[in-house]
């Protein structure tokens, strides 16, 4: 995969043939090493070097990953603190460079007129750069776009019903239209809720407005977020963005975000105008749905959950040694039949306390997918 | 106290806790019953708020819903004026504000009807404005001026854009009318198979006839494009054209033919374009009913599929089968865009579907042809004076050839350039003035918020003016007017010469954009005499002779001049006639070209009479004739020589690159970097650069030490990112944590051991716990910072969480910049 959105790769050979040979018919299309006239000055020489650096780094990293002796250290070796303590600490972190970040945000204010200008000329603004851009974009909207209604979509939320969003946008646009022509009798509108998506799009694209310059602005925080990552969502957003009376401002954070769009979307629908605006503001809301690595994946955690599950089981199941087989259980009068054992085992399987696999002889074997240290921690807890 | 709990949309509950309530329970965990919402509370659902302390806003903590549906709110601060708002951030969408009328918005910024409290207030640190009315007046002026600039931009850009659109449409006119003719013929053929009678027509099933009547007339349009983006525009134009001729036209795209949704989607999309009202079911019989209901049934239904090769083959063939069964009831004609060759349908469709197609081939304009039209319209024949510098032209050319290859995005790049020009160049409104052709009046700068003095100052401070006209001391409106008129004149003659040169080498598959880049070059071989500062045209030919011999074989311009020398009579005549048209405004050339045309016409007459005589030639006369022919040949040579000299003179005298003219900044865009940044966002590299060179961006005093040293004051994500560079494609979480910890604790080490600390961060952990410092961060806080930094790196896509197979490793997804 290419490392950049538009990597300055060697010119497409078939584009060359197009460019240099206008007479050529597609049927006879060949790929001549076109005698292509290159202007003396090539601007992207430096870029090509950088590109080379990129690929070199990639292979270096791959090599390093393969050859060097991998450290066998486990996360549990860190000795993570109690989850609740960790969360509290995470919530009370002292932000770094607070003053500098604030003045950085402040410095972008000088660009607001330009952003507004570009938005009004019909481009969609795409903000990128490290740091949360939510506050920045919303501040821009509330200071410079007061003439227009602004709807915010939060892409970092897990699930977003775009139809609902469209209904809201249509309602806002309808209000804006009504306010513009107070004198003319407003015709009765079919409630937007019951309209189809195509209808809504047609309404937002329609010629109903008296002046074409008015629009509703949509802010999409994290257009690359989990709630909008589906191609269907992106296609729909692109269609919304291409409506006459809609302008879009979006932020992206993921390095692969541009892969969400094809050229039709980038150039004709979203019509992106890129702005590099690193803010270094902490990703607070954007990161809310990401698990804290030391809170969830550690053995302490799984031992703890295992203990909770085991404690809430029936006394018979609790006291049953997990690694014993049916015979052993029967000997100890824990179960009386295979069916009972299976029902217990099903319970364990559901909670991932045991798993089955087949050994070389084709027998089903039960095992506990907990690491040794996890088990060690677990045992004193269930047998105090 | 009062605890409000209510629902907000469907995501989470809204909790607003009042001061009294929190004051009573300092430093303990407060549990608030949260109402279950429609979607139900999930344990991972988090609520977030902002904490207002005496008006100032600070980032506030994240709280969590417990599995039991309780909301945990750490009470944190014991400050008296604590006011807590929760949630809102977790809504999928909100209305930030509604459009306000112009009068009220100035005063009530930020206090609209909507919930604005949750916005982080960036203006809080600004000193309160002393006089609101002053500020408002200035603001309203500013808005007015920006509107005026906007208008100027729209006028200039729309003149360019509309002429480009027109020229592209005109270029397609022939092929469009050819297609229309074929559509008509096909329709007549379909009708000749038999029109269903009333009884047949009302039945909800197709009419069955013989196999030939089941064929669908299909136009395969070779788009000859790299990018289907351009085709979309062309097909839209085609749709409009056919519609204007009375056909019923629908556009389907490859998205409608996806295997995911089956044939229903494309039917629904098709019906949606004809039948009004909501559709619950999509059925082709509905289309038949609709067609029957049309006033006059003498128009075909044309279905355009823009990129046939991207469609799902099975769905497309199903669609074709369906259409062919119904073709007598719904006289459908397909037009399919094909990007590669006419063989494409054979490769894509099964044979039984192919049998139903009666295909005919059409070919659209090729990309280079289109490009030439666009460049010619936008830069050489344009109605607006806006132009771009040599550097920008080279960049845009490279962008087109190397990266994009679509006319649409080339035009888009031009629009960005134009918009940037209008947002950065204070004198840009002069372009509007040029457009309105008010040559004898000084531009009305005050409309755009510039006093005349200011405009003159800005204009006469332009580098191009300073370097050429420093001897002129009297700087008045008239001086500016003269300068601008001169600028316009030189720009016009430049375009004339480029056009003439282009006419000369048109036949050789030369790209006008290449020629333009060469002609724009202010350091090119032909531009030396136009150097800024020497407006006087060169009197002696020696210098020009020198570079001429040096650069003889290089460049398109020289090629053009040479070609004129070698053109045969008839082509030369065509060329001269074209030049005659272009040179109207420059009398000295116009008269010479006219004379050349006359002499060539004479030559041709002679030649024709000779040809007529040829038949009756006898051997004895041949000799004499040869002499005559030689004479004609000589005359042609003379004409060639004359024309070539003429174009040479034109180039040297009038092809003044715009960047060599005083005041060119007014109409010439030159910020390549800005254009590139707006056009090509370099996401992957820039994010990593941000993390690496964060200091260049935030300019703090604490991290000013540059080099490889990782300082604990750096942003945690930067530290983590830098540390990850030392690892391979996977990073051991434990090792990463230990290096992070040692960095975080390194301030304490430095203070203790002085500068002895090595720069290296060995991945092996060093137990630092022995060093007990008072301000040392707690283990929990270091772990929390570590976790947060990893979350941030995940948000930016630089690392991926561990998978089951490698639970102790994080995967790196980007590798340095």
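Just checking, how many residues over the stretch B:787-799 are assigned to a helix (DSSP H, G or I) and facing another protein chain (nearest Cβ under 7 Å)?
So the answer is 7.
Does any residue of the stretch B:640-659 turn out to be in contact with a strand residue (DSSP E or B) (Cβ under 8 Å, 6 or more places away or on another chain) and modelled with pLDDT of 75 or more?
yes
Taking the residues in the stretch A:149-178 that are over 22 Å from residue A:228 (Cβ atoms) and within 7 Å of another protein chain (Cβ to nearest Cβ) as candidates, determine which candidate is surrounded by the most Cβ atoms within 10 Å (Cβ to Cβ).
The extreme case among them is A:176.
Based on what the data block shows, is residue A:109 without any contact (Cβ under 8 Å) to a residue 40 or more places away in the chain and either assigned to a strand (DSSP E or B) or within 7 Å of another protein chain (Cβ to nearest Cβ) (or both)?
no
Filter the stretch B:796-808 for residues that are out of contact with any helix residue (DSSP H, G or I) (no Cβ under 6 Å at 6 or more places or on another chain) and crowded, with 24+ Cβ neighbours inside 10 Å and give the result.
Once the filter is applied, which keeps residues that are out of contact with any helix residue (DSSP H, G or I) (no Cβ under 6 Å at 6 or more places or on another chain) and crowded, with 24+ Cβ neighbours inside 10 Å, the stretch B:796-808 yields only B:798.
Identify the residue in the stretch B:800-814 that is farther than 15 Å from residue A:73 by Cα and touching a residue at least 24 places away in the same chain (Cβ under 8 Å) and, among all such residues, is farthest from the other protein chains (Cβ to nearest Cβ).
Restricting to residues being farther than 15 Å from residue A:73 by Cα and touching a residue at least 24 places away in the same chain (Cβ under 8 Å), the top hit is B:811.
So for the stretch B:539-549 (the condition being over 17 Å from residue B:637 (Cβ atoms) and modelled with pLDDT of 80 or more), does at least one residue qualify?
The answer is no, given that none of the residues of the stretch B:539-549 is over 17 Å from residue B:637 (Cβ atoms) and modelled with pLDDT of 80 or more.
Has the stretch B:305-318 got any residue that is outside any helix (DSSP H, G or I), within 26 Å of residue B:233 (Cβ to Cβ) and over 32 Å from the mean Cα position of the chain (by Cα)?
No; the residues of the stretch B:305-318 include none that is outside any helix (DSSP H, G or I), within 26 Å of residue B:233 (Cβ to Cβ) and over 32 Å from the mean Cα position of the chain (by Cα).
Out of the residues in the stretch B:423-458 that are within 23 Å of the chain's Cα centre (by Cα) and part of a loop (DSSP other than H, G, I, E, B), state the one that is modelled with the highest pLDDT.
Only one residue tops the list, namely B:425.
Residues that are within 26 Å of residue A:110 (Cα to Cα), in contact (Cβ under 8 Å) with a residue 24 or more places away in the chain and either within 14 Å of another protein chain (Cβ to nearest Cβ) or outside any helix (DSSP H, G or I) (or both): does the stretch B:464-484 have at least one?
no
Which residue pairs have Cβ atoms under 7 Å apart, sit 6 or more places apart or on different chains, and have a first residue in the stretch A:87-100 that is more than 7 Å from every other protein chain (Cβ to nearest Cβ) and a second that is in a loop (DSSP other than H, G, I, E, B) and crowded, with 18+ Cβ neighbours inside 10 Å?
Between residues of the stretch A:87-100 that are more than 7 Å from every other protein chain (Cβ to nearest Cβ) and residues that are in a loop (DSSP other than H, G, I, E, B) and crowded, with 18+ Cβ neighbours inside 10 Å, there is no close pair.
Could you say whether any residue in the stretch A:117-131 is more than 7 Å from chain B (Cβ to nearest Cβ) and in a helix (DSSP H, G or I)?
Yes; the residues of the stretch A:117-131 include at least one that is more than 7 Å from chain B (Cβ to nearest Cβ) and in a helix (DSSP H, G or I).
Count, please, the residues in the stretch A:70-86 that happen to be more than 7 Å from chain B (Cβ to nearest Cβ) and touching a residue at least 60 places away in the same chain (Cβ under 8 Å).
Final tally of qualifying residues: 2.
Step by step: first the residues of the stretch A:231-256, then only those that are over 16 Å from residue A:151 (Cβ atoms) and out of contact with any helix residue (DSSP H, G or I) (no Cβ under 6 Å at 6 or more places or on another chain), then the one that is surrounded by the most Cβ atoms within 10 Å (Cβ to Cβ). Which residue is that?
A:252
In the stretch A:194-297, which helices (runs of 4 or more DSSP H) lie fully inside it and hold 3 or more residues that are at pLDDT 90 or above?
A:231-241
The values are calculated or read from the model by the stated rules, or taken from the named source; none is laboratory data. Worth saying up front: this structure is predicted, and the values here are computed from it rather than measured. Glycine also receives a Cβ, built like all others from the backbone with ideal geometry; neighbour counts cover every protein chain displayed.
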